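J.: Have a look at the structure that comes next, please.
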Amino acid sequence: MMTQAPPRPQSKWPFGLFRAARIAAKNLFRHNVVIQYPKERYNQPKRSRWAVEQIFADDGSIKCTACKICEQSCPDHCIEIDVETRQDKTKFIHSWHYERAACMMCGLCVEACPFGAIRMGHDYELAHREPGLKSIDLLTEVEAAGARKKEAEDA
Amino acid sequence: MALDSVVGENSIVFLKSEQFFDWARGRSLWYMAFGIACCSLEGLIAAAGPRFDFDRHGIFYRGVPRHSDVMIVAGTVNRKMAVIVKRLYEMMPEPRYVISMGACANAGGPFREYPNVVTGVDKIIPVDIYIPGCPPRPESVQYGFLQLRKKINDEAKARLDK
Amino acid sequence: MISSDYITKLLHKASVAPISLEEEGHLGLVLRIEVDDLLATFKALRSSFEQLIDLLGADLLERDNSIEITYRLRSLGENDDLVIKVKLAPGATLPSVTDSYLSALLPEREACEMFGLKLSGHPNPKYLLLSEGIPPMLLKSVPIRSHEEAQAAELPSDDLSLQMLNDLNERGIEPPEDPDDPLQNYLFAGWLSPEPPEGPLVPRNIRRVSDNPEALATDHYLLQMGPQHPSTHGVLNVACEMDGETIISSEVHVGNLHRGIEKLAENRRYNQLATLVDRGDYVGGCNTELAVALSVEQLAGIEVPERASWIRVMMAEINRLASHYIWFGPSGLDSGAMGIFLFCLYDRELWLDVLEEITGQRMMFNYVRPGGVVADITPRSIAMIEDILKIADSRLDEHYEALMASEIYQQRACGVGVVSKEDALSLGATGFVARASGVDWDLRRDRPYAAYDKMDFDVMVADTGDIWARMVCRLDEMRQSLRIIRQCLDGMPKGDFTAKLPRVLRVPEGECYVPVESTRGEMGVHIYSDGTDKPYRMRYRPPTLYSLMTADLTLPGLFLADAIVTLGSFDFCFGEIDR
Amino acid sequence: MNPWLVALLRALLILLVMLLNGAMAIYMLRKVLGHAHLRLGPTELGPAGLAQLLADIVKLLVKEDRHPNRSDRWLYIIAPFIVFVPSFMTFAFIPFSNKLVAANPDLSLLMMLAFMSIPPLGIFAAGWASRSKFATIGAVRAVGGMITYEIPLLLSALPPVMLAGSMNLQAIVVSQSTSIWYVLPCLPSFIMFLICAQMETSQTPFDMTEADQELVAGFATEYSAMRFGFMYLAEFAENFVMAALAVTLFLGGWTLPGISAAALGPFAVLVFVAKCYILIFLFMMIRGTYSRYRVDHYMEVGWKRLLPISVVWIMVFAAALRVIAMLKGGA
């Protein structure tokens, strides 16, 4: 449906100014809405997406099987998994390299992960001084999860 | 008639006064209203807004590089922009600080494969604080400012310890 | 509907022989002509089609060694589009159609620089987004950086930006000797035409007001506003020729945020596209995501569940509100009113909380994907929306009072920055800019997509075309958005929130264009698909590029102060203009 | 005591008062605007954020002082002082209480207004010397503004002078304590005075010289460090001066109705300052609420509204005074 815009207001000096002043006064006495950051924090919803984190099982072991699906699904190519496949088909993760500074936190890697091994963290206090921290290793020198499972099956 | 030329650069008087000055510098960080892209809405506009209110920490915006202490590079820097970013940085009076905000300024972000984009603003100007995120929450930027303050204070302290 | 017979008749009258004129897949009626006939064709069709909606190029060198330029004309009365395609040899000269449609002013420059064409007959044939020396980026033969190059701390020695960076780091930035001399200006990027045209270098606008004979005869000076200026809303640069405080002529310079969304889209899978377009229109991401999703669905023939459509509509409207708040407040700030700016920011925060609750982020949602949406809406988000809806209408009234009721603002807004209906049509303005100038057109109503056909809402049209009209129209849009959100909450159907899709989505060969009414006007996505999992070419029609041209032609004759308010009232978003 | 020493002490005291006032006004602006906009303003540093000011001033003091290329060097350097010093000198004439006034010449009102008209010249010098186009536009606007509001400002300050029969500010205050506050008989003058004060201190809706959104920072665009700080401070000092002038002329100065000067004693200063800050608060709320006038509308307000109205009002007022005096004399 189409509606025609209302005609222009006929200006009655200075009553419009008073109307604006009324709102200003009203807001002056309104309670402020500030979240005083270091003291108070906004309660982030469950779905909030910040930097990628590894999920660890209860015993502290990793869930990542180094299948590299996240690496392929990342549009920015921020994830690089340096993995060595041994002769017994188990995998050893040399490094799970994550370029945090370039990550746009879209969550596509988490959606793609078939094992639920990573999640988007809720920690937004990520600022750092050193340029070296632009990319970090989330995992270094660990057995991939699949390897342990295989060991357990063998045993 | 600088103090350091009178009492010497390593005298306790000079260092103590520098520490006091750094205390002031760290608590009065006026940032330049220079939004390049998406991050400017979070780091410059929402940050000044009622919910986050950076003014509590003495951090507010000035429209001119001459009045400001901090430049928040909030967005992708490309070839055309690099010239301007550099020029604005040189227009700011010393001491000046740069916060690289968001993935694009840190490393080119989602656009770093495009040859027209500079992969990281630290290739043009020195950067003090990197804030990951795309865009970071206003609180992340606040945290970045607190880190910058710490960095400013640490410098004077380190010199005093020496 | 416009029949092909009618167009044939028109062409015959202009003695143009088309190569073909037939329905082509998703595109509708397509007219293919030779380049030599281009101007005659446009002259013949000008009276039947009010608007040139978009103009895009595509690199078909591999297919048939040509560069294809596609024009999309629209007849608002018949609610129908006509696509015109011409093929050019690489490096050929494209004749400008600006005589027929002013809306070709900037897109023609962009198409030519991006595909290495020359431009003739254009009033201002400068590079737009790129500058001289950068290869035509959208040609398939120009590579993008590899991941290794992009991640490297040092750039490879043949990188495009390296030379410039070295220059910068070595000598710093010296201000030009004489800033008034435009030749020394960094803004001049090079000519696209074979011969440099006559006239001044900056500003080159097709409009220019003549000196007031009654005023003092003073020298003119050149004022560069931006890219760092508190009120250019991003990285716009306006070069103004000023007489005292009056703008005599102006020229907008864009490209400061050009980051290759269209080029990179050719290297992204279909489900990754949303991450790119989010950062295009960074204030109204949901709407642009929706356009991409709809066009992919149209090409691939995906059926979207009912609930997903409703969620999409609701999210698009919530996002529209969030985006309008960040326009309403700052456009008050442009006129000097500080209070309204901050009140609007708070209201925006409320809606951003909802968006974060549903999508996970405050601005870059990555939520609407081909097939549906990523996740269902949560009960908590519904409660949040209901809480906000209770106060939202009265808050809007308050905002009206706080800014627009005051006579000082009315003095600033009424009758200033007038865009006439003819200009709005000819310059391709869509959305609220067109509606404020009396063009009764809203894609949500006239070409309903998603679930908009089930919604009940009004479209406000004003006929004065000034800042005040734009404010009023958009304020009403916000009220209508609230209405639509209420309807969505009440009538949300049950069911799935996404269709079942394969992990790697392959899209059959074809071409389609799907427009949506984004927060700033018609945002369309034109996809060429070659049957792989990545688009062959994705064009993103930025509504604000067209309103930028409208603004550019509105500025001459205004006071500097009015120019600021006028620019603010068009609501530019530079991620979108520069892409 | 040595009279020179006394003079010096007085001057230092005034400087201290002025700096404190300027700083307080800046702090107050941030707090008032904060609360008016649903925010808080500075809170973290010191009690209620008061130490924030110290940090700001110290930082500005130790910042690098830059001269833009091709600026008019000497003019650039002295311009902030042309702005700062006259606004500092006006403080000498403000009667804070019946004793506390640094200089009390017979024509103190006239001298005050004369000094108040110098800062725009400094603003013009600053804008001109910066060789920046935005600054130049701001400078030109400052001069245009000055000739616009000076006459209405003077004319609207006249009725209290007529009523009190003196141009001495202290005398005006004293005569108000014996009769009524002059805001009642001279209400139109009071309103015009407030508008002109807003123009004089260049605050929204009349902040032509700065106009953040149009001219970036107007005349101060190229100034950095303490030179900018001086101009910023002077602006707020002027704010206080205009409020003080309005209080002195129309709102009874340091007096309160029904209480004698002796009873007030040292509290007179507090009364005066409180009145001033209430007015400053009003200015700040206006600054935070309304849009800005366009420069030609601003001129229109000055020349076509304020000037004729103030002239007519002065004539009506003078005639009425004469008639009343005649009636009284007749009776």
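The values are calculated or read from the model by the stated rules, or taken from the named source; none is laboratory data. Only a predicted model underlies this, so the values are computations on that prediction, with no experimental measurement involved. Every residue, glycine among them, receives a Cβ derived from its backbone with ideal geometry; neighbour counts consider all protein chains shown.
J.: I want to confirm something. Restricting to the stretch D:93-123 and keeping residues that are assigned to a loop (DSSP other than H, G, I, E, B) and of a type in the set (Val, Ile, Thr), which single residue is nearest to residue D:134 (Cα to Cα)?
T.: Going through the qualifying residues, I end up with D:118.
J.: Could you list all residues from the stretch C:402-454 that are at positive phi and either in a helix (DSSP H, G or I) or in contact with a Leu (Cβ under 8 Å, 6 or more places away or on another chain) (or both)?
T.: Hits for the stretch C:402-454 are C:417, C:428, C:431, C:450.
J.: Among the listed residues D:270, D:251, D:256, identify the single one that is over 27 Å from residue A:24 (Cβ atoms), in contact with a helix residue (DSSP H, G or I) (Cβ under 8 Å, 6 or more places away or on another chain), more than 14 Å from chain C (Cβ to nearest Cβ) and surrounded by fewer than 23 Cβ atoms within 10 Å (Cβ to Cβ).
T.: Unique residue meeting the criteria: D:256.
J.: Which is under 21 Å from residue C:34 (Cβ atoms), surrounded by fewer than 23 Cβ atoms within 10 Å (Cβ to Cβ), in the same structural domain as residue C:67 (by TED's automatic domain parsing) and of a type outside the set (Lys, Arg), of C:131, C:120?
T.: Just a single option satisfies the conditions, and that option is C:120.
J.: Which of the residues spanning the stretch D:172-231 are more than 27 Å from residue D:63 (Cα to Cα), outside any loop (DSSP other than H, G, I, E, B) and of a type outside the set (A, V, I, L, M)?
T.: D:175, D:176, D:177, D:178, D:188, D:189, D:190, D:193, D:196, D:198, D:200
J.: Does residue B:52 qualify as being surrounded by 24 or more Cβ atoms within 10 Å (Cβ to Cβ), facing chain C (nearest Cβ under 7 Å) and of a type in the set (Phe, Trp, Tyr)?
T.: no
J.: Same structure, new question: Residues that are crowded, with 22+ Cβ neighbours inside 10 Å, among the β-branched types (Val, Ile, Thr) and away from every other protein chain (no Cβ under 13 Å): list the helices (runs of 4 or more DSSP H) wholly contained in the stretch C:479-579 that include at least 3 such residues.
T.: Those helices (runs of 4 or more DSSP H) span C:543-554.
J.: For the stretch C:201-274, which strands (runs of 3 or more DSSP E) that fit wholly inside it have 1 or more residues that are more than 10 Å from every other protein chain (Cβ to nearest Cβ) and crowded, with 20+ Cβ neighbours inside 10 Å?
T.: Filter on the stretch C:201-274 gives C:237-243, C:246-253.
J.: What is the number of the single condition among (1) touching a strand residue (DSSP E or B) at 6+ places or on another chain (Cβ under 6 Å); (2) more than 8 Å from chain C (Cβ to nearest Cβ); (3) farther than 26 Å from residue C:347 by Cβ; (4) surrounded by 24 or more Cβ atoms within 10 Å (Cβ to Cβ) that residue B:78 does not meet?
T.: It is condition (2) that residue B:78 fails.
J.: Moving on to the next point. Does the stretch C:320-342 contain any residue that is among the polar types (S, T, N, Q), in contact (Cβ under 8 Å) with a residue 12 or more places away in the chain and within 18 Å of residue C:388 (Cβ to Cβ)?
T.: Yes, the stretch C:320-342 contains at least one residue that is among the polar types (S, T, N, Q), in contact (Cβ under 8 Å) with a residue 12 or more places away in the chain and within 18 Å of residue C:388 (Cβ to Cβ).
J.: Here is a check on your reading of the model: is residue D:225 within 18 Å of residue D:123 (Cα to Cα) and either surrounded by fewer than 23 Cβ atoms within 10 Å (Cβ to Cβ) or at pLDDT 85 or above (or both)?
T.: yes
J.: If I filter the stretch D:35-56 down to residues being within 27 Å of residue D:222 (Cα to Cα) and surrounded by 20 or more Cβ atoms within 10 Å (Cβ to Cβ), which single residue comes out as farthest from the other protein chains (Cβ to nearest Cβ)?
T.: Taking the candidates together, the pick is D:53.
J.: Kindly evaluate residue C:296 against the criterion of being touching a residue at least 60 places away in the same chain (Cβ under 8 Å) and within 14 Å of chain B (Cβ to nearest Cβ).
T.: In short, no.
J.: Checking residue C:282 against (1) closer than 25 Å to residue C:558 by Cα; (2) at the interface with another protein chain (Cβ under 9 Å from one of its Cβ atoms), which test does it fail?
T.: Unmet for residue C:282, out of (1) closer than 25 Å to residue C:558 by Cα; (2) at the interface with another protein chain (Cβ under 9 Å from one of its Cβ atoms): (1).
J.: Continuing with the same structure: For the stretch C:109-132, does any single residue satisfy the condition of being modelled with pLDDT of 85 or more, of a type in the set (Asp, Glu) and not in a loop (DSSP other than H, G, I, E, B)?
T.: For the stretch C:109-132, residues modelled with pLDDT of 85 or more, of a type in the set (Asp, Glu) and not in a loop (DSSP other than H, G, I, E, B): present.
J.: Got a number for residues in the stretch C:1-33 being surrounded by fewer than 14 Cβ atoms within 10 Å (Cβ to Cβ), acidic (Asp, Glu) and touching a strand residue (DSSP E or B) at 6+ places or on another chain (Cβ under 9 Å)?
T.: Qualifying residue count, the stretch C:1-33: 2.
J.: Can I ask one more? Only one of these conditions is not met by residue D:182: (1) modelled with pLDDT of 85 or more; (2) of a type in the set (Phe, Trp, Tyr); (3) touching a Pro at 6+ places or on another chain (Cβ under 6 Å). Which number is it?
T.: Every condition holds for residue D:182 apart from (1).
J.: What are the residues in the stretch B:99-135 that are buried (at least 23 other Cβ atoms within 10 Å of the Cβ) and either more than 7 Å from every other protein chain (Cβ to nearest Cβ) or part of a strand (DSSP E or B) (or both), if any?
T.: Result: B:99, B:100, B:101, B:102, B:104, B:105, B:117, B:120, B:121, B:129, B:130, B:131.
J.: For residue B:126, state whether it is closer than 30 Å to residue B:11 by Cβ and either touching a His at 6+ places or on another chain (Cβ under 9 Å) or of a type in the set (Val, Ile, Thr) (or both).
T.: no
J.: Given the conditions (1) modelled with pLDDT of 85 or more; (2) surrounded by 12 or more Cβ atoms within 10 Å (Cβ to Cβ); (3) part of a loop (DSSP other than H, G, I, E, B); (4) more than 7 Å from chain C (Cβ to nearest Cβ), which single one is not true for residue A:46?
T.: Checking residue A:46 against (1) modelled with pLDDT of 85 or more; (2) surrounded by 12 or more Cβ atoms within 10 Å (Cβ to Cβ); (3) part of a loop (DSSP other than H, G, I, E, B); (4) more than 7 Å from chain C (Cβ to nearest Cβ), the one that fails is (2).
J.: Evaluate the following for residue C:394: is it within 30 Å of residue C:356 (Cα to Cα) and surrounded by fewer than 21 Cβ atoms within 10 Å (Cβ to Cβ)?
T.: Yes.
J.: Being of a type in the set (Gly, Ala, Ser) and facing chain A (nearest Cβ under 10 Å) is the filter here, so list the residues in the stretch C:362-399 that pass it.
T.: Hits for the stretch C:362-399 are C:375, C:381.
J.: Follow-up question, since we're still on this one. Assess whether residue C:468 counts as being within 23 Å of the chain's Cα centre (by Cα) and assigned to a helix (DSSP H, G or I).
T.: Yes.
J.: Residues B:33, B:37, B:47: which one is of a type in the set (Gly, Ala, Ser), more than 7 Å from every other protein chain (Cβ to nearest Cβ) and surrounded by 23 or more Cβ atoms within 10 Å (Cβ to Cβ)?
T.: Result: B:47 is the single residue among B:33, B:37, B:47 that is of a type in the set (Gly, Ala, Ser), more than 7 Å from every other protein chain (Cβ to nearest Cβ) and surrounded by 23 or more Cβ atoms within 10 Å (Cβ to Cβ).
J.: On the basis of being assigned to a loop (DSSP other than H, G, I, E, B) and in contact (Cβ under 8 Å) with a residue 24 or more places away in the chain, does residue D:252 make the cut?
T.: yes
J.: Ok, one more. Listed residues C:41, C:98, C:70; which is assigned to a helix (DSSP H, G or I), crowded, with 16+ Cβ neighbours inside 10 Å and among the hydroxyl-bearing types (Ser, Thr, Tyr)?
T.: Testing whether each residue is assigned to a helix (DSSP H, G or I), crowded, with 16+ Cβ neighbours inside 10 Å and among the hydroxyl-bearing types (Ser, Thr, Tyr) leaves just C:41.
J.: Out of the residues in the stretch C:328-361 meeting the condition of being under 12 Å from residue D:288 (Cα atoms) and aromatic (Phe, Trp, Tyr), tell me which one is farthest from the other protein chains (Cβ to nearest Cβ).
T.: Ranking the qualifying residues of the stretch C:328-361, first place goes to C:341.
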